[in-house]
């Protein structure tokens, strides 16, 4: 599956995207693994006490997981996941 | 008065007569200031059927009660007039320091009437007001004009001026202050040009009086803390600026690409805020009393598009970038600089070029019409040249300067203009995001994102996440955002304070500042009153429910690709509920009951 990182998260991962080969059945599994891999600079924006952090945006194939099954949203080998820290503009 | 200065400056540009009027405290409380107060004055004094570029139109500059105080990120002002691009009431909001300086000079409102006999500028130094010749400034760009005025008025004067675009009555000409901040939309700069007014320079030595100093200081400390602690206002905007939005809109399939033909652009990342931070960004910039600093001080080093200035913001980068199928950030940044230098609205400019590109691509126009410009998708050089020609009023730029609706209509294809009420829709796809489409269709100045910014809940999840594809609840959400924004715009506060603050927070600062009782409900009610007054004005100017619409592409052409493939905008099915929520008739007119409730009848 492909994972893309944006804004501040790129400072933590030092990459824009990667092909993730470790198994992840759902979004929870993937994000937990990513938080372990990239540590606190990544995790603090993404997960809080086992739940999604307040303003993080996680998309699976372009759809916000909060409109799907949240952290239980299932993933496939072909899934494209995009993770955004809190953002603004206008 | 506290908060307000209590004085209105009225200048008859034709005779040069200057008069001073007292600001009615009841009007100040009911309309707050800036956008609201300016609109009320337009309602009272100007026939909505006036020709916007005639001397009978008025041009109003007004800061808000917060402007010039240390309320955090709250030093803004509005320019209010009848907009030549749309024919609607137009209030264009800008940051920088100009608004604060008007307060320091002792003014809540400056009303410009009539037309000067020859190019002129207004010099306001506290109570001393002079109309001076601008013969030596006419034709000069914004930075040159500004610096010449610093030299001949005061080194620390603040200057709001037009560039060649406003002089040539480009229908989307902007008024620029501090060179890089724009009262950008709806052609307020053309109104200024039509009055032969090149600039206003102002310097003030007074201060804003505060009713309860300790109370106000405490309220401001609290709101500053809330803004700083919010992850968006506190960190993200300063690091990446608004352009950071490119990638998230692209990822959800809501980044209008190629004149809104679709919602995703393969190389969008190249023009996003992350790329801008890595390449052109020199330093963040902030306005008067700002604690966020979303502004981008930037520089392009490549010789082809060399320049320096501020921006681009998200909607500007979008307009010159993905909307034109362009991914060259240097070119996009250069186009933004040219707009600032010549005084042009970046959103309408980019979208108008995108419309011309689609017509060129389809063979509706060719190099004969464009006078040699190869306006093909992705042709960055042609895009940058098109901007310059428009600002200078030369060649095909003369036609581009009419905006996309008149341009496309000229060639028999108004449906290719991505506008609502003839103003170009900014960088969010109505087919992918239902609420923003409803805001575009109902906004009192046409295609405008910022005054009903439901992108925040629909895409960003701030303050909470709502489903962007749902229509349920969207009419009420859009109306709420529109009302709150109208009040905030009238107070002098920047909309980015909404990352952290709610209506109760603005009321909590207004009360000790003004010495009046203010609640969240009252603040919101002012906003609703202002929205309805704008609507009344537009109704009188001939706008009807038929004008609360989006281009047919949005409602009839399903999104061809991306995560929102197959979607259309469902604005028509949301409209009856929007009117009902607003307390309007099915024909979209405020009812007598609603007007009585808002003390507008």
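Only the coordinates and a few stated rules stand behind these numbers; no lab work does. Being a predicted model, the structure only gives us computed values, none of them experimental. Neighbour counts run over all protein chains shown; Cβ positions are idealised from the backbone, glycine included.
Points to keep in mind about this one:
- Packing, as the average of other Cβ atoms within 10 Å across residues, places the peptides B:168-179, B:281-292 in the order B:168-179, B:281-292, highest first.
- For chain B, diffusion coefficient by Stokes-Einstein and Kirkwood Rh (Cα), 10 °C, 1.306 mPa s, µm²/s: 67
- R0 of 60 Å, Cβ-Cβ distance residue A:33-residue B:409: FRET efficiency to nearest 0.05: 0.60
- Cβ neighbours within 10 Å from other chains - mean over B:448-461: 3
- Estimated FRET transfer efficiency (residue B:118, residue B:218; beta-carbon r; R0 41 Å; 0.05): 0.20
- Cα pair distances exceeding 19 angstrom across the stretch B:507-601, given as percent: 58
- In terms of the mean number of neighbouring beta-carbon atoms within 10 Å, the peptides B:206-218, B:347-359 order highest first as B:347-359, B:206-218.
- Per-residue extension of 0.36 nm, minus the Cα-Cα distance of residue B:206 and residue B:51, leaves a gain of 52.1 nm for this segment.
- Contact order relative to length of chain B, as percent, for alpha carbon pairs under 8 angstrom and 6 or more apart: 16
- As a rough guide to protection, the peptides A:41-54, B:392-405 ranked by mean Cβ packing within 10 Å, highest first, stand as B:392-405, A:41-54.
- With R₀ set to 51 Å, the beta-carbon distance separating residue B:135 from residue B:580 gives a calculated FRET efficiency near 0.40.
- Partner chain coverage, peptide A:48-60 - average Cβ within 10 angstrom: 3
- Over the stretch B:319-402, all Cα pairs binned in 5 Å intervals from 0 give whole-percent P(r) values of 3, 18, 32, 28, 15, 4, 0, listed from short to long.
- In this label model, residue A:69 and residue B:517 are separated by 5.4 nm, measuring between points 7 Å along each Cα→Cβ vector.
- Over the stretch B:7-203, relative contact order from alpha-carbon pairs under 8 Å, at least 6 apart, %: 23
- Taking a quarter of the surface of the Cα convex hull of the protein assembly as shown gives a mean projected area of 27.5 nm².
- What the Cα atoms of the stretch B:205-339 give is an Rg and a Dmax of 18.0, 55 Å.
- Cβ neighbours within 10 Å from other chains - mean over B:239-249: 5
- Dividing the summed -39500 (n - 2.57) terms of all DSSP H runs of n ≥ 4 by the residue count of the protein assembly as shown sets its mean residue ellipticity at 222 nm at -10500 deg cm²/dmol.
- Taking every alpha-carbon pair within the stretch B:242-424, the share separated by more than 26 Å comes to 26 percent.
- Calculated from the alpha-carbon coordinates, the stretch B:7-203 shows an Rg and a Dmax of 14.8, 42 Å respectively.
- Taking 0.36 nm per residue of separation and subtracting the current Cα-Cα distance, fully stretching the chain between residue B:24 and residue B:587 would add 199.3 nm.
- Computed lengthening from residue B:398 to residue B:152, 0.36 nm per intervening residue step minus Cα-Cα distance: 85.3 nm
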